[in-house]
Amino acid sequence: MNAAIRRESPGKKKFYKVLERVTESVFFLCAAAAVLALSVILIFLFIQGIPALREIGVWNFVTGTTWQPSGNKFGILPMIVASLLATFGSALIGGFIGLMAALLLAEVAPRFLANVIRPLIDLLAGIPSVVYGFFGLMVVVPLIIQLFGGTGNSLLATIIILSAMILPTMVSLSETAVRAVPQAYREGSLALGATHMQTIFRVTLPAAKSGVLNAFVLSLGRAIGETMAVILVAGNRSTMPTSILDPVRPMTANIALELSYASGLHAEALYATGVVLLCFIVVINITAHLVLRKKKEG
């Protein structure tokens, strides 16, 4: 092989060098395009939203409990609470189910069964969000009315639908993290007398905690940013929820419902809502990053 390389003509070597530089340039341009797209979105969002925050006041905007555009009252605290409750509620339920499903696929299920279940779970990721919302409206909401009463369109319905929507992300990434654990860890645990289940929960899962946490964070981002399905099942009432059966209006739903006809300060307040939503997503990601780094250093 070395002799074949030495026999290559100078022209061919020069061609390979040029091709390598072109490939590196393409990689750089693709990465730059992604960064540029994010930068443009952020700049646009802040340019549109900052004037409202300046006029209304950041504290009044974030802690206000009344959203009444006709009266120039713009308080999004009920929407923040609704978004956080729906997001973390669905992440806890969907995260637990997704993690258990991932452990089943990676550690317990026979290969043929895993090959059947995995594509079915992946198929959930391809279902449009409006279909989830329609399912929630026609099945989940009537079931809540039958079991608990009320209007059915509620925080509970939102949590249930979002839990189903984040399952593909949680299962896929968690399974990948679990499979990445070296087989020697499992063999060593079994050799020391641990059972299969003890090995899974005391050795394999702790070793995969970084990947599982990443999956959980991405699931949070998926849940907090969902719009269409939430609009159909949440009830869209911009008041502070006092019960899991109360109708709610998360921040994403508020933006989608009113942006088409809003103008002036009203439109700017909606963009400011997007700024607040973005800040929450950034905080979640930074917190997860710090936790992961602390665990690695520990």
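The values are calculated or read from the model by the stated rules, or taken from the named source; none is laboratory data. The model shown is predicted, which means the values in this text are computed figures rather than measured ones. Heads up, the Cβs are rebuilt from the backbone with ideal geometry, glycines too, and the neighbour counts pull from every protein chain shown.
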- Does any residue of segment 153-169 turn out to be within 23 Å of Ser243 (Cα to Cα) and in a loop (DSSP other than H, G, I, E, B)? yes
- Message: For segment 101-136, give me the residue count where each residue is exposed (fewer than 14 other Cβ atoms within 10 Å of the Cβ) and closer than 21 Å to Phe201 by Cβ.
- Response: 3
- Message: Looking at Ile145, Ile121, Ile93 in this structure, which one is in a helix (DSSP H, G or I), aliphatic (A, V, I, L, M), under 24 Å from Ile244 (Cα atoms) and touching a residue at least 40 places away in the same chain (Cβ under 8 Å)?
- Response: Ile93
- Task: Mind telling me which of the residues Ala229, Ala208 ends up being of a type outside the set (Ser, Thr, Tyr), closer than 26 Å to Ile160 by Cβ, under 21 Å from the mean Cα position of the chain (by Cα) and at pLDDT 90 or above?
- Result: Ala229
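Looking at Val139, Val181 in this structure, which one is on the phi < 0 side of the Ramachandran plot and not in a helix (DSSP H, G or I)?
Numbers: Val139 fails: not in a helix (DSSP H, G or I).
From the options Val139, Val181, the qualifying one is Val181.
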- Query: Across segment 151-206, what is the number of residues that are surrounded by fewer than 15 Cβ atoms within 10 Å (Cβ to Cβ) and either within 30 Å of Gly136 (Cβ to Cβ) or outside the structural domain of Ala91 (by TED's automatic domain parsing) (or both)?
  - Reply: 1
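Among the candidates Phe61, Phe74, Phe46, which residue alone is under 15 Å from Tyr271 (Cα atoms) and assigned by TED's automatic domain parsing to the domain that holds Val276? Step through it out loud before you land on a result.
On the way: Phe61 fails: assigned by TED's automatic domain parsing to the domain that holds Val276; Phe46 fails: assigned by TED's automatic domain parsing to the domain that holds Val276.
The conditions single out Phe74.
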- Item | Residue tally, condition surrounded by 22 or more Cβ atoms within 10 Å (Cβ to Cβ) and part of a helix (DSSP H, G or I), over segment 232-267 | 7
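Given the criteria of a type outside the set (A, V, I, L, M) and modelled with pLDDT under 90, does Thr273 qualify?
So Thr273 fails the test.
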- Task: Identify the residue in segment 47-60 that is out of contact with any helix residue (DSSP H, G or I) (no Cβ under 6 Å at 6 or more places or on another chain) and touching a residue at least 12 places away in the same chain (Cβ under 8 Å) and, among all such residues, is surrounded by the fewest Cβ atoms within 10 Å (Cβ to Cβ).
- Result: Asn60
